[in-house]
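Below is one structure, written out as structure tokens; comments come after it.
Every number here is computed from the coordinates shown, using simple stated rules; none is lab data. Given the structure is predicted, the values throughout are model-derived calculations rather than measurements. Note that we place each Cβ from the backbone using ideal geometry, even for glycine, and neighbour counts take in every protein chain shown.
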Amino acid sequence: MKKTSFIFIALTALLCFASTSCIIRQYPAGKRTVSVRGSGSIPVEADRAVIVLSVITTAKDAGTAASLNADKMTKVQDAVIASGGSRDAISTENYTIYQEYDYVKDRRVAGDYRVSNQIKIFLKDKKLASSIIDAAIKAGANSLSSLTFSVSNPELAIKQARTAAVQNAQEAAKLIAGTTGSELGKVLKIEEVNEGHPAPFAKAYGNAMFESAATADSETPVQSGKINFTVTVDATFELK
């Protein structure tokens, strides 16, 4: 009897080194269970995009810097709309005015005023991202904080990933049960591991790219890629 128990424990330990984690418990009343972790991942092509860009201007006085900025930002927003964007999809993210300072011979010297107007552009069609970026650059935008892609219907992908995770857990438990000479019984407990939803796939571009692209004839290449929606579950099954 001791030899049989030793073989069972050794086999259990070996199985738990596999890709799916597991725990087999022997209860005093003779009831045995197997606990596994299953996961499911569904890749989905991104179909939406969010662009965050800015117009930055400098001048000797705050009023001139602000006026120059307003003129350029108006041209940028008009260019975005002309390229397929919607006025309702444009919102101001941040607006700042401050005076720059420098140090000359250990003395703090006041410099030009710097005005930054940052906007967010939400696109329901990611295919517009490339042309809108180019149009904004040519119109006067000179800073791009981020280009982010997302999925319009993540609920469907999460549902599919959840189903795949449960199936993965059940298959792993069935394999363990069969390997130990048991049969898989009913599920006793199952819960989803809260790992949060996947973050959108993002790309960020620096000012150097803006400066080189502003005079380029070719269109800025943009690739969104796919977003993986992953769900993980912990499940406990009865062994018969």
Between residue 68 and residue 153, what's the calculated FRET efficiency when r is the beta-carbon distance and R0 is 45 Å? Round to 0.05.
0.60
Ranked packing of 225-231, 179-185, most packed first, by mean Cβ within 10 Å
225-231, 179-185
Here the net charge surrounding residue 187, from other residues whose Cβ is less than 12 Å away from its Cβ (Lys, Arg +1; Asp, Glu -1), is 0
Counting all C-alpha pairs of segment 87-184, share separated by more than 24 Å (%)
60
Long-range tail of P(r) for segment 75-133 (Cα pairs > 15 Å, %):
61
